[in-house]
Amino acid sequence: MVSKHKYSENKGKNKEFLEILKKIEKVDHWSEYDIYELAKMDGDAYKIAYTIKKGVETTQLRKFYNEALKGYYALFHPSRRDDIAARTALAMLSPRAHYARQRKTISQEFLDFIKKSTDLSKFRVNNIEEFKKDYERFLQFFEAVVGYHKFFSKSEER
């Protein structure tokens, strides 16, 4: 019987990818993550995108990014600042990624990226201004991953 699922287990793990996950794990807060290392060509987001390029469709990646973005916007709601909604959006990305992985619509590498990058200990949730800075840097990283992922998917079509 042929599996209807697009992505099967990925046998090998990219060494650079694992190093970046360790780097994310070691940083105390997202706002400490160097923006240049994060966004530059051949930087951390580039390498993450390269690793996951076949492990997640662009629409699926955008779905996760948009969920994270909704939480960030909750921090700037004009009538009420909702840091609980922002924390919830972050916290729910990991269970959603586990569900998608179980359905084999994302790769293990993308799941690992989501788990490490949305660890709430990387966000100073008890100080709203610091939380905003950490959330913004996380979104910058995620946005760069989305952009490079699209770059790789388009360059493979040529």
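The values are calculated or read from the model by the stated rules, or taken from the named source; none is laboratory data. Since we're looking at a predicted model, the values are computed, not measured. A quick note on method: Cβ atoms are made from the backbone with ideal geometry, for glycine too, and the neighbour counts reach across all protein chains shown.
Here are Phe131, Phe138, Phe142: which of them is more than 14 Å from the chain's Cα centre (by Cα), buried (at least 16 other Cβ atoms within 10 Å of the Cβ) and assigned to a helix (DSSP H, G or I)?
Phe131
Which residue out of Lys63, Lys70, Lys115 is over 26 Å from Lys154 (Cα atoms), at pLDDT 95 or above and surrounded by fewer than 20 Cβ atoms within 10 Å (Cβ to Cβ)?
Result: Lys115 is the single residue among Lys63, Lys70, Lys115 that is over 26 Å from Lys154 (Cα atoms), at pLDDT 95 or above and surrounded by fewer than 20 Cβ atoms within 10 Å (Cβ to Cβ).
With the requirement that a residue be of a type in the set (S, T, N, Q) and over 22 Å from Leu120 (Cβ atoms), what does the stretch 93-107 give you?
The first filter runs over the stretch 93-107 and keeps only residues of a type in the set (S, T, N, Q), leaving 94, 102, 105, 107.
Result: Gln102, Thr105, Ser107.
For residues that are under 14 Å from Ser117 (Cβ atoms) and either of a type outside the set (Lys, Arg) or more than 13 Å from the chain's Cα centre (by Cα) (or both), tally how many sit in the stretch 70-96.
8
Among the residues of the stretch 1-46, write down those that are of a type outside the set (Gly, Ala, Ser), part of a loop (DSSP other than H, G, I, E, B), at pLDDT 50 or above and more than 20 Å from Lys115 (Cβ to Cβ).
Within the stretch 1-46, Asp34, Lys40, Met41, Asp42 qualify.
Quickly run through the stretch 145-155 and pick out the residues that are surrounded by 15 or more Cβ atoms within 10 Å (Cβ to Cβ) and under 15 Å from the mean Cα position of the chain (by Cα).
Scanning the stretch 145-155 gives Val145, Val146, Tyr148, His149, Lys150.
Residue-by-condition table, conditions (1) of a type outside the set (Val, Ile, Thr); (2) assigned to a helix (DSSP H, G or I); (3) closer than 26 Å to Leu18 by Cβ; (4) without any contact (Cβ under 8 Å) to a residue 60 or more places away in the chain:
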position	(1), (2), (3), (4)
Glu67	yes, yes, yes, yes
Gly71	yes, yes, no, no
His77	yes, no, no, yes
Arg80	yes, no, no, yes
Leu93	yes, yes, yes, yes
Tyr99	yes, yes, yes, yes
Asp112	yes, yes, yes, no
Val125	no, no, no, yes
